[in-house]
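Before any comments, here is the structure.
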Amino acid sequence: MNILIKPIVTEKMTEQAEGLNRYGFVVKRDANKEQIKKAVEALYNVNVAAVNTMVYGGKNKSRYTKGGIISGRTNSFKKAVVTLAEGDAIDFYSNI
């Protein structure tokens, strides 16, 4: 399966999880909304109401070092924001 790569645990996503019952995941680039929905439902035993996806392009970054300027690019990735049905929740910290 391996559709879901990792959950997104940031302040913004935690706030959305508490207030709007939405959770974020980094997913495979070729995954569609139906595959993401089935993967979340199978892995966490919840009912998914909606899935929104977005593709982030990498950014150009440069830093100044003793040897000169080093230029590079961050990775691009696909992000899915999953809205769960009323009464369902995902606890990312239960396995710690």
message: Helix 33-44 against the longest principal axis of the chain: what's the angle in degrees, Cα atoms only, rounded to the nearest 10?
response: 70 degrees
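If Lys and Arg each add +1 and Asp and Glu each add -1, what is the summed charge of the other residues whose beta carbon sits under 13 Å from the beta carbon of ILE5? Present the calculation step by step, with values, prior to reporting the outcome.
Values: positive: LYS6, LYS28, ARG29, LYS78, LYS79; negative: ASP30.
Net charge in that neighbourhood comes out at +4.
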Residue order, fewest to most surrounding Cβ atoms within 10 angstrom, among LEU4, LEU43: LEU43, LEU4
message: Tell me the label only: which of (1) 1.10; (2) 1.42; (3) 1.14 is Rg/Rh (Cα atoms, Kirkwood Rh) as calculated from this structure?
response: (1)
- prompt: Picking from GLY24, GLY67, GLY58, which is most flexible by a Gaussian network model of the chain using Cα springs under 10 Å?
  reply: GLY67
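Can you tell me the FRET efficiency between ILE5 and LYS66 if r is taken as the Cβ-Cβ distance and R0 is 30 Å, rounded to the nearest 0.05? Provide the component values of the computation, followed by the final result.
Working: r = 35 Å, r/R0 = 1.18.
With R0 = 30 Å, the Cβ-Cβ based efficiency is 0.25.
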- prompt: How large is the helix-only mean residue ellipticity at 222 nm for the chain, computed as the sum of -39500 (n - 2.57) over DSSP H runs with n ≥ 4, divided by its residue count, in deg cm²/dmol to the nearest 500?
  reply: -7000 deg cm²/dmol
Residues GLU11, GLU41 arranged by fewest to most Cβ contacts within 10 Å: GLU11, GLU41
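Every number in this text was worked out from the coordinates using simple rules, so none of it is lab data. Predicted, not measured: the structure shown is a model, and the values here were computed from it. Glycine also receives a Cβ, built like all others from the backbone with ideal geometry; neighbour counts cover every protein chain displayed.
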